[in-house]
1. Please indicate, with yes or no, whether at least one residue in region B:36-55 is within 16 Å of ligand 1 (Cβ to nearest atom), among the acidic types (Asp, Glu) and closer than 30 Å to residue B:122 by Cβ.
2. Within region C:128-160, take every residue that is farther than 19 Å from residue C:28 by Cβ and in a loop (DSSP other than H, G, I, E, B) and give me the one that is farthest from ligand 5 (Cβ to nearest atom).
3. Could you list, in sequence order, all residues of region B:703-712 that are touching a Gly at 6+ places or on another chain (Cβ under 7 Å) and either crowded, with 24+ Cβ neighbours inside 10 Å or assigned to a loop (DSSP other than H, G, I, E, B) (or both)?
4. Mind listing just one residue for me: the one in region C:52-84 that is within 30 Å of residue B:234 (Cβ to Cβ) and free of Cβ contacts under 8 Å to residues at least 24 places away in the same chain and, of those, nearest to ligand 4 (Cβ to nearest atom)?
5. Looking for something open to solvent by 40 Å² or more (accessible area, probe 1.4 Å), within 13 Å of chain C (Cβ to nearest Cβ) and either not in a helix (DSSP H, G or I) or not hydroxyl-bearing (Ser, Thr, Tyr) (or both) - is there at least one such residue anywhere in region A:59-76?
6. Determine which member of the set B:80, B:58 is more than 14 Å from ligand 2 (Cβ to nearest atom), closer than 30 Å to residue B:458 by Cβ and part of a loop (DSSP other than H, G, I, E, B).
7. Within region C:143-169, restricting attention to residues that are within 30 Å of residue A:178 (Cβ to Cβ) and open to solvent by less than 70 Å² (accessible area, probe 1.4 Å), which residue is farthest from ligand 3 (Cβ to nearest atom)?
Amino acid sequence: MLPTLLEQTTTRVNAEIDPALHIWGWEIAVYLFLGGLVAGLLILSALLLWRPREQPPSRILQFAPLVALALLSLGMGALFLDLAYKLHVFRFYTAFRPTSPMSWGAWILVLIYPVAALSGLVALGPDARAWLLKKLPLGKVLAWAEGKRQALLGATLAGGVGLGIYTGLLLGTLTARIQWNTAVLGPLFLTSGLSSGAAFLLLFKLDEVDRHRLVRWDMLALVVEAVLIGAMLLGFANAGAAGQLAAEALLGGAWTASFWSLVVVMGIAVPLLLEGIEIKKHLPLVAVTPTLVLLGGLALRAVLLAAGQDSGFRMLP
Amino acid sequence: MQRREFIKITGMTALGVAAASSAVLPKDSQAAVDPGTDGDHTVATFCELCFWKCGVLAHVKDGKVTKIVGNPDHPLSRGALCPRGTGGTGLLYDPDRLKKPMIRVGERGQQKFKEVEWGEALDYVAAKLKDIAAKHGPESVAMFAHGFGGSFFKHLLNAYGSDNVGAPSYAQCRGAREVGFQLTFGTALGSPEVIDLENSRAIALIGSHLGENMHNTQVQEFAKAIERGAQLIVVDPRFSTAAGKARHWLPIKPGTDMALLLAWIHVMLNEGLYDRDYIEKYAVGLEQLKAHVADKTPEWASLETGLEASQIVDSIRVLAGARPAALLHPGRHTAWYGDDAQRARAMAIVNALLGSYGRRGGIYYPTKLGVPKYAGIPDYPHKFKPTPDKPKGKVYPFADESLAHGLRDASIPGTADYDIKAWLVYGTNLIQALPEPKKTIEAIQHLDLLVAVDVLPAEIVGYADVILPEATYLERWDDVVVTPYKEQYIAIRQAAVKPLYDSKPGWWIAKELANRLGLGAYFPWNDAAEMVKARLAAGKFDVDAVLKQGVALGARKPVFIEDGAPAVFATPSKKIELFSQQLADAGLDPLPKYTPPDEPGAGQFRLLMGRTPTHTFGRTTNNRFLSEVYSDNELWLNAQVARELGLENGTQVRVVNQDGVKSNALRLKATQRIRHDCVFMVHGYGHSAAGLNFAKGRGADDAALVTRIKVDPLFGGTGMSVNFVAIERA
Amino acid sequence: MNREKRYVMVVDTRLCVGCKACVLACKAENNTPDGFCRDWIVEDIWGLFPNLRAEIRSERCNHCSNAPCVDACPTGASHKVDGGIVLVDHDLCTGCKACIASCPYDARYVHPDGYVDKCTFCAHRVADGKTTACVAICPTKTLHFGDANDPQSEVAQLLASRRHKVLHPETGCEPNLYFLT
Ligand SMILES: Nc1nc2c(c(=O)[nH]1)N[C@H]1C(S)=C(S)[C@@H](COP(=O)(O)OP(=O)(O)OC[C@H]3O[C@@H](n4cnc5c(=O)[nH]c(N)nc54)[C@H](O)[C@@H]3O)O[C@H]1N2
Ligand SMILES: Nc1nc2c(c(=O)[nH]1)N[C@H]1C(S)=C(S)[C@@H](COP(=O)(O)OP(=O)(O)OC[C@H]3O[C@@H](n4cnc5c(=O)[nH]c(N)nc54)[C@H](O)[C@@H]3O)O[C@H]1N2
Ligand code: SF4
Ligand code: SF4
Ligand code: SF4
Ligand code: SF4
Ligand code: SF4
Ligand SMILES: [Mo]
């Protein structure tokens, strides 16, 4: 049997690689968060708009796809900021690499633009449409889109799902980072994106039915999130030395405090509690709860992004 | 961990047909980018990052050296290099290099200088030298030199009338070994050591930390021996790199090697493990030796050394089992405890008993090529006065080179037979190389003149009156080098590029000084290139081929007794002297005796020092290229002891020696790799010279902590591992 | 015979003294930016004083047969060339760093010029029939480079005759940097 390894020294001190990987900072956390949020927004708005209504939906719903596009642009801006070779950003679009989630992501992002833009037109209420048509000669487009309403919303839904899964898959496929080496990451990020999307909408004025639906959905998403986190930790527990290392980071290591306080308590438990109270007691929902959910979503990305980079095979014997 | 596969597969099927098309707009990206570091031509020369003189090829492109690789034709490099050899560009392009001659304006040691033209600097030095010769005699000028370019200055000094040349590479380095082996076998081992490591079947190292001590060929041969299955025994208080490869690591208590060696001899004689025929034929003194070690049992040595008796016995059995292709490495830096020449004697005796002197896998008889002198250089006109390198009335009967610290001491008026009044310092940083640095600085204050010829503003340069910036080895020609070695060869140094700044080659500086001193006749050639070519031509070498290859090989001659080399021992008895009548006659121990070392006080540790592969002393610590992989030294301390002291790996600490000298802060390396009673640091750090912008203040200077020495009675060498330090948080 | 080449490097840990000549030679050959290296030395010590065991390894990109960095790259900048050498095409690289995150050996880094860099197995030298710079300099002959698919090659023979390992085989990357133990 090998005696325990006691001392390891290395001469390598490459910046951002050593002593621990630190290639992705806040930009990627924001990108992943906004990506998830946009995915949630697209999915939820598509669902809520699915059935044409008598009354125009609340303003925020009318604008949801377009707002999602604006947020998506912000996210892509963050991604761009992270690129080390910004001049070569166009290279994402001179190739499609099916094995590369990053490539999928790049293409999904650009495909979402036209789909979400057209859904955005369809979603607009009469006032907004009238105003828009005065400004821009979009009559034909709008008519065409109106005819394909269901298909467009379906595509938006699909785009949202794709985007949501992608944000999770991006890290999840990077199995070199032990912390990300879990099948739960994709669903987790998707769910968190849904709850962020719901929370985002809840920050605005909504009619009671939509509001209730969204709160229910958000609660469900939060519960599923909690379950997935549990599953992730359990998975680690059963994954040998690597899993142990991954679990330790969240259960008794460098990232434990931020994970539990920001992600679990602030981002999931407290909002769940508040939403429960609000629904039971029919209290008016305040901005506090959705804000916490959104911050929690951002924290989830930031913490896992950092913890994952901090965990590699170099830490294993 | 097959999840990557899994995700890939699910991803692919889920996302379907798209997978078929692998790339839109394919681009052929087969070729690797050529970094373009190959030169448009290469220059064959030899390295000067240390003193081993490996052949290198300097790649030159647009007048710049782009990289340095090993010369496959050179027997000392065989195409490979040690890490320092690759780093010559780091010296050549060191922004801190000396750029212009300078004359001191401030107090000595204040490091205040004014830049002057060469003419002024050389006139100044020549005038002073003339003046000193008139007032005190030329012998009052001493030279300290380390490095090949020093030959021109030694020649100049001899012509001027002094033979007082010393280098810390003797009394502070190889001296003890040379004396011990010379006394025993009649010949010193020189550099490169004449050892046939590559063919050894068993090798024992006393300290010699091969692999950290990176003399290129030696390490090559060491590795080759290991590859061929040689058994390795490493005696070192520290788990050195070599110890990591050893079958037996003997973590000896520092300063007790003599006890181990005597016990080894005891076992060899007792168990009949020695080479009877060889000893009978070639050696004298076996009976005295037997009697001498009769009570030096492994059990006795175990108590002294902290080693287990069984380990002592097993290790010598392994070594002796491979004789005569067995080698107890003679060591190199042997200036440890003051009884060093005697320890080297004991090591020589072990080698004698192994029958390894003159044998394959042991110590060989070197051969060398001759190159005629440059014709027409007059003989030196003087008989030199004996060197005043010892205190008045003191004799060190077996010193065969001058003692650098002795010449230093002679500069403090009245201490030696006559006073040294001026120093010419070439390529040696006396402040870090000599023990008792305070004394060095005191001696300097008494001088009439201190001239430093250097490439960098090292500490000693800061004390100079005149600084003469030399061109680096890549920018200059030097004399032909003739090395006694296994293979006969000569090599040359030629400039790869023109000198940067206003630096000048050593030959030029020496020649210009000679002209000003009326000694121009001693430098009759125009430049070193002309001189080298003339010497090669006179020796019937193919000059063009030598210029191209950088080296010329001679026919192989036998270097081992078994191949027909004569078994010669140049001792008075013409035999290997196990018992040394010479020592007895000088009133010294004819057989090596063990004296227990001093013990550290409470909370103190013995300070040991050594090398790191990527640096040569303090010579390269300003080399930014080499420092990419090692930039600061660390203090090695046993991890258990560190815990007891409440110190963690990586803590910044200082050490304070027994005389209250406190070091710079350095990082603690808390490690299992060292005994509990000593600490270790790499020599050459903690520079204080203002101009060494990179190295200044990095790590700690071991030399500053060597405020005490033990002087070797045989040759005056300075044992320097006799200092103790306590550790405190920085 | 016309079989496909598989370039590998074989590192004899018994011989390596951790001198770092290979690291510096690579820096000089490839003009690696200050502060970055394509190869590096890892020293492992096991045990408690005085029962210690050491292993010294000269490490670099493994030029994995199943290279996640190539898979992760969105632009095709990370790609394989003949003999299985994994290269980064500077012109295609966006600096997105997905490949860095995907490498279990942390063998890559971002070059200050923006693209991602790592060991190339000195492909520019190999193309000229030379060995790599690190192999050429190594004073202990620890390093060997060649085509493992050629049974006559030194590397194939070393792998056939000596005990060896790769680092973290569980990654499934199938590294081509072998360590003789
Ligand atoms: N990279 C590199 N290589 C070099 C040099 C360099 O500067 N850099 N310098 C060259 C020169 S000039 C020389 S002289 C040599 C020096 O190289 P060596 O002759 O090998 O050096 P030493 O200083 O004698 O040995 C240092 C080793 O001895 C151990 N040691 C200390 N005290 C004791 C003791 O009491 N007993 C025993 N058994 N071991 C002890 C230390 O732990 C350390 O491992 O290196 C040469 N090679
Ligand atoms: N405390 C302590 N003292 C020691 C040792 C130790 O381990 N510890 N080791 C001892 C040993 S083994 C030895 S060999 C000695 C060596 O000690 P030194 O003889 O001092 O050797 P270096 O440190 O190599 O000397 C370097 C000087 O040469 C200069 N130099 C470099 N290249 C050139 C050149 O081309 N031309 C000129 N003109 N100058 C050049 C450098 O800038 C530097 O100032 O030190 C001994 N002293
Ligand atoms: S051993 Fe290294 S530093 Fe010394 S001469 Fe050879 S290559 Fe240069
Ligand atoms: S050059 Fe050779 S011996 Fe030195 S560290 Fe590299 S592989 Fe090891
Ligand atoms: S070691 Fe890393 S960079 Fe090299 S091929 Fe494998 S995954 Fe890619
Ligand atoms: S950084 Fe460059 S090489 Fe790496 S994945 Fe991105 S585009 Fe490819
Ligand atoms: S193969 Fe070339 S690029 Fe790779 S580490 Fe060796 S020298 Fe550097
Ligand atoms: Mo030395």
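The values are calculated or read from the model by the stated rules, or taken from the named source; none is laboratory data. Bear in mind that the values here come from a model prediction, so they are computed numbers and not experimental data. Don't worry about glycine lacking a Cβ; one is built from the backbone with ideal geometry, like all the others, and counts go over all protein chains shown. SASA here: full protein model, heavy atoms, side chains in, ligands and nucleic acids out. Shrake-Rupley method; radii C 1.70, N 1.55, O 1.52, S 1.80 Å.
1. Checking region B:36-55: at least one residue is within 16 Å of ligand 1 (Cβ to nearest atom), among the acidic types (Asp, Glu) and closer than 30 Å to residue B:122 by Cβ.
2. Within region C:128-160, the subset farther than 19 Å from residue C:28 by Cβ is C:129, C:141, C:144, C:146-160.
Now drop any that are not in a loop (DSSP other than H, G, I, E, B), which leaves C:129, C:141, C:148-153.
Values: C:129: 23, C:141: 24, C:148: 15, C:149: 18, C:150: 21, C:151: 24, C:152: 26, C:153: 21 Å.
So, considering only residues that are farther than 19 Å from residue C:28 by Cβ and in a loop (DSSP other than H, G, I, E, B), the one farthest from ligand 5 (Cβ to nearest atom) is C:152.
3. B:709, B:712
4. Ranking the candidates gives C:54 first.
5. Yes, the conditions are met somewhere in region A:59-76.
6. Working: B:58 fails: part of a loop (DSSP other than H, G, I, E, B).
Just one listed residue meets the conditions, B:80.
7. So in region C:143-169, the residues within 30 Å of residue A:178 (Cβ to Cβ) come out as C:143, C:148, C:159, C:163-169.
So of that shortlist, the ones also open to solvent by less than 70 Å² (accessible area, probe 1.4 Å) come out as C:143, C:148, C:159, C:165-168.
Numbers: C:143: 17, C:148: 31, C:159: 30, C:165: 31, C:166: 31, C:167: 29, C:168: 34 Å.
Filtering first and then ranking leaves C:168.
Each row is one residue, and each column tells you yes or no for (1) in a loop (DSSP other than H, G, I, E, B); (2) surrounded by 23 or more Cβ atoms within 10 Å (Cβ to Cβ); (3) in contact with a Pro (Cβ under 6 Å, 6 or more places away or on another chain); (4) β-branched (Val, Ile, Thr).
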| residue | (1), (2), (3), (4) |
| --- | --- |
| B:98 | yes, yes, yes, no |
| B:114 | no, no, no, no |
| B:123 | no, no, no, no |
| B:131 | no, no, no, no |
| B:142 | no, yes, no, no |
| B:159 | no, yes, no, no |
| B:172 | no, yes, no, no |
